[in-house]
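Before any comments, here is the structure.
Read-outs throughout are calculated quantities, based only on the coordinates presented, and are distinct from any laboratory measurement. Values in this document were obtained by computation on a predicted structure and should not be read as measured data. We place every Cβ from the backbone using ideal geometry, glycine too, and count neighbours over all the protein chains shown.
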Amino acid sequence: MSRHTRSHPRTDIAFPFRADRRGRTAHADHAAHVHDLIEQLLFTSPGERVMRPDFGCGLLDLVFAPNSPELVSTLELSVQASLQRWLGDLIDVVALDVVSDENVVRVHLSYVLRATGARTDDVFEGRAA
């Protein structure tokens, strides 16, 4: 085995960035890292990142918008497009459902990790400030 071959599972930097108990950069396994990336994408507002002004879905901006079937359908299409654009090389979306209740947005997402083929059913929750 060459010295460049990893003998341990792939790990990525954890989000939010923090130190682990040894004082080093905390890491997450690939599945947890992808979960963190999805959460960042869902709850980042377009324009919030200076170097990537078109990154994000801005779901929290719509927490207090009047709820209607048309709005939910539009949100789901927008989220689906953002997931495909920014994370399409990491995941395949199987099912997506966006629910807005009072000051909370919940995204029920089923996806397959391309790296492993593992299916994940997850709920992402964002609250308005």
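Only loop residues by DSSP count here, and only those with at most 14 other Cβ atoms within 10 Å; note down the trypsin sites (Lys or Arg not before Pro) in segment 37-129 that meet that.
On the way: sites: R49, R85, R106, R114, R119, R127; in loops: R49, R114.
In loop regions of segment 37-129 (DSSP not H, G, I, E or B), the sparsely surrounded trypsin sites (Lys or Arg not before Pro) are R49, R114.
Between beta-carbons, use under 13 Å as the cut-off and find the net charge around S78, counting Lys and Arg +1, Asp and Glu -1.
Values: positive: R85; negative: D54, D61, E70, E76.
That works out to -3.
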Sequence-distant residues sharing a close amide H with G58 (under 5 Å, placed H): T44, S45
